[in-house]
Amino acid sequence: MPLVIHPRVRKAAGRIAAMTCVAVFASTGAAFASTGAAFASAGGASESCQAQPVTTPFANWGDQSSYFLAPGGSFEGTAAQVGWSLSGAGLTAGNEPFHAGGSSGRQSLTISGGGSATAPFFCLDSTMPDLRFFARQAAPGSDLEVQAVVQIGHHQFVLPLGSVADGSMPAWGPVPQIVLQGHVLPRWLRLPVALRLVVPGGQGSWQLDDVYVDPFRLG
């Protein structure tokens, strides 16, 4: 007999999952606070992160939100200048064709099956709900997974943010907005976070460019 889940049970399970997500950030917040003077001297008690220059790179697709470029998110320059940690991935000649970050772009990032790319850390607070970037699937075979690496003292926590489905982007285009989870943070808390892009398994490859974060400012 197939298992039937009562709607009330399903709804309760959804609440538990949501609470678990919030609890993860709450626990990291407690650990963050306990690190003491090191974070305080770095401005850890301030209410928001330092404002970044913003543009509207996705306006041609109906997204009028302002975004700032993630660290190294244009993938221009040498690997050392870009600053991403690459495994089974590398900088590639050829920019995304829309030149959302400017006409001078000449490079992008390619991640092969089983590979990953991790950005430098940046400051995340409750005003940053989403991220978005351009992508195309260079070879089929695997989803593209998006993760957040949260640094708390000497410990790192990897949180899944979303994925782009295998076969969904055969040509260049902007991926849908990916929830960054910053909105669940208390307004007084800021955390060091790095984006990690992963192509799991041994098949497929993805080409990426111009990674942006949405710094929506709460009233």
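The values are calculated or read from the model by the stated rules, or taken from the named source; none is laboratory data. Quick caveat, the model's predicted, so the values are computed rather than measured. We place every Cβ from the backbone using ideal geometry, glycine too, and count neighbours over all the protein chains shown. Note: accessible area is taken over every heavy atom of the protein model, side chains too, but ligands, DNA and RNA are not part of it. Shrake-Rupley method; radii C 1.70, N 1.55, O 1.52, S 1.80 Å.
To keep it simple, each residue is scored yes or no on (1) open to solvent by 30 Å² or more (accessible area, probe 1.4 Å); (2) under 20 Å from residue 65 (Cβ atoms).
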{"site": "138", "(1), (2)": "yes, no"}
{"site": "165", "(1), (2)": "yes, no"}
{"site": "175", "(1), (2)": "no, yes"}
{"site": "181", "(1), (2)": "yes, yes"}
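Residue count for region 87-119, restricted to those that are out of contact with any Leu (no Cβ under 8 Å at 6 or more places or on another chain) and open to solvent by 40 Å² or more (accessible area, probe 1.4 Å): 11.
Yes/no per residue for (1) modelled with pLDDT of 50 or more; (2) on the phi > 0 side of the Ramachandran plot; (3) outside any loop (DSSP other than H, G, I, E, B); (4) hydroxyl-bearing (Ser, Thr, Tyr):
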| residue | (1), (2), (3), (4) |
| --- | --- |
| 14 | no, no, yes, no |
| 57 | yes, no, no, no |
| 73 | yes, no, no, no |
| 81 | yes, no, yes, no |
| 89 | yes, no, yes, no |
| 96 | yes, no, no, no |
| 100 | yes, no, no, no |
| 105 | yes, no, no, no |
| 108 | yes, no, yes, yes |
